[in-house]
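The structure under discussion appears below in the form of structure tokens.
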Amino acid sequence: MTIKSDRWIRKMCLEHKLIDPFVDRQIRDGVISYGLSSYGYDIRVADEFRIFTDVNATILDPKNLDPKSFVNFKGDICVLPPNSFALARSLEYIRMPRNVTALLTCKSTYIRCGILIPTTVLEAGWEGIITLEVANTTPLPAKVYAGEGICQILFFEGDEECLISYADRQGKYQKQQGLTLPKV
């Protein structure tokens with residue numbers, strides 16, 4: 001497996017819509033950076049959030065998530081409560097080739113403030129809008145800026161195509177169009 005460079009990412013975006021919309025350079029003036037970097041791509045977070053709350057004293061169950069477990073928020077700045085988290089989504093739609101897997105990693109600007117995005121795998125053949133967990137690990141409220149960089153995607157190309165891709169096995173999150181809650 002080899003990590004893919006900006007040249008490969010640019011070519012795949014222009015010829016195969018790997019990332020849509022695609023920003024072919026790093027944007028950073030006055031914002032948390034996003035767009036193409038040397039060996040990855042910094043995606044942006046949309047203005048749609050689901051902030052988890054314990055107001056109803058429900059139990060979080062990945063097999064049956066109670067919609068009352070979160071508060072919907074739409075806006076340019078989402079304030080995460082202390083020691084809490086929210087679900088969010090990428091602005092970009094991703095189309096993974098059959099011979100490529102990707103990892104999402106947290107941006108250091110957010111890490112330095114105690115805001116974490118857990119590592120996520122984008123499997124070969126998967127496509128859709130990325131649902132993200134944004135965790136505030138601090139005892140203070142924390143801001144997340146919609147339309148700005150939230151995490152980086154690193155692409156790894158295999159020596160050959162996989163035998164069965166995410167699309168082949170009809171994965172439950174295939175072609176998700178927005179912020180998607182857990183499914184069984």
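The values are calculated or read from the model by the stated rules, or taken from the named source; none is laboratory data. None of the values given here were measured: they were computed from a predicted structure. Please note: Cβ atoms are built from the backbone with ideal geometry, for glycine as well, and neighbour counts cover all protein chains shown.
Data overview
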{"item": "Selected residue [in contact with a Leu (Cβ under 7 Å, 6 or more places away or on another chain) and more than 30 Å from Leu163 (Cβ to Cβ)] from Leu60, Leu87", "result": "Leu87"}
{"item": "So Glu161, is it in contact (Cβ under 8 Å) with a residue 60 or more places away in the chain, closer than 24 Å to Val100 by Cβ, in contact with a Ser or Thr (Cβ under 7 Å, 6 or more places away or on another chain) and acidic (Asp, Glu)", "result": "no"}
{"item": "Conditions (1) under 24 Å from Arg10 (Cα atoms); (2) in contact (Cβ under 8 Å) with a residue 12 or more places away in the chain; number of the one not met by Tyr173", "result": "(1)"}
{"item": "Considering residues of segment 94-112 that are in a strand (DSSP E or B) and not hydrophobic (A, V, I, L, M, F, W, C) only, the residue farthest from Arg44 (Cα to Cα)", "result": "Thr101"}
{"item": "Segment 23-40 - residue that is in a loop (DSSP other than H, G, I, E, B) and free of Cβ contacts under 8 Å to residues at least 60 places away in the same chain and, of those, nearest to Lys107 (Cα to Cα)", "result": "Arg28"}
{"item": "For Arg112: the one exception among (1) surrounded by fewer than 18 Cβ atoms within 10 Å (Cβ to Cβ); (2) in contact with a Leu (Cβ under 9 Å, 6 or more places away or on another chain)", "result": "(2)"}
{"item": "Among the candidates Leu140, Leu122, residue that is in contact (Cβ under 8 Å) with a residue 24 or more places away in the chain and loosely packed, with under 15 Cβ neighbours inside 10 Å", "result": "Leu140"}
{"item": "Some residue of segment 54-70 being part of a strand (DSSP E or B) and in contact with a Lys or Arg (Cβ under 6 Å, 6 or more places away or on another chain)", "result": "yes"}
{"item": "Scope segment 28-50; condition β-branched (Val, Ile, Thr) and surrounded by fewer than 18 Cβ atoms within 10 Å (Cβ to Cβ); matching residues", "result": "Val31"}
{"item": "Among (1) touching a residue at least 40 places away in the same chain (Cβ under 8 Å); (2) within 20 Å of Ala146 (Cα to Cα); (3) not aliphatic (A, V, I, L, M), the one test that Asn99 misses", "result": "(2)"}
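Table: residues versus (1) modelled with pLDDT of 95 or more; (2) not β-branched (Val, Ile, Thr).
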site: Asp6; (1), (2): yes, yes
site: Val31; (1), (2): yes, no
site: Glu48; (1), (2): yes, yes
site: Lys63; (1), (2): no, yes
site: Ser69; (1), (2): no, yes
site: Gly75; (1), (2): yes, yes
site: Ala88; (1), (2): yes, yes
site: Met96; (1), (2): yes, yes
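Residues are listed down the side, and each one gets a yes or a no for (1) closer than 23 Å to Gln176 by Cα; (2) out of contact with any strand residue (DSSP E or B) (no Cβ under 9 Å at 6 or more places or on another chain); (3) not hydroxyl-bearing (Ser, Thr, Tyr):
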{"position": "Phe85", "(1), (2), (3)": "yes, no, yes"}
{"position": "Gly128", "(1), (2), (3)": "yes, no, yes"}
{"position": "Tyr145", "(1), (2), (3)": "yes, no, no"}
{"position": "Glu160", "(1), (2), (3)": "no, yes, yes"}
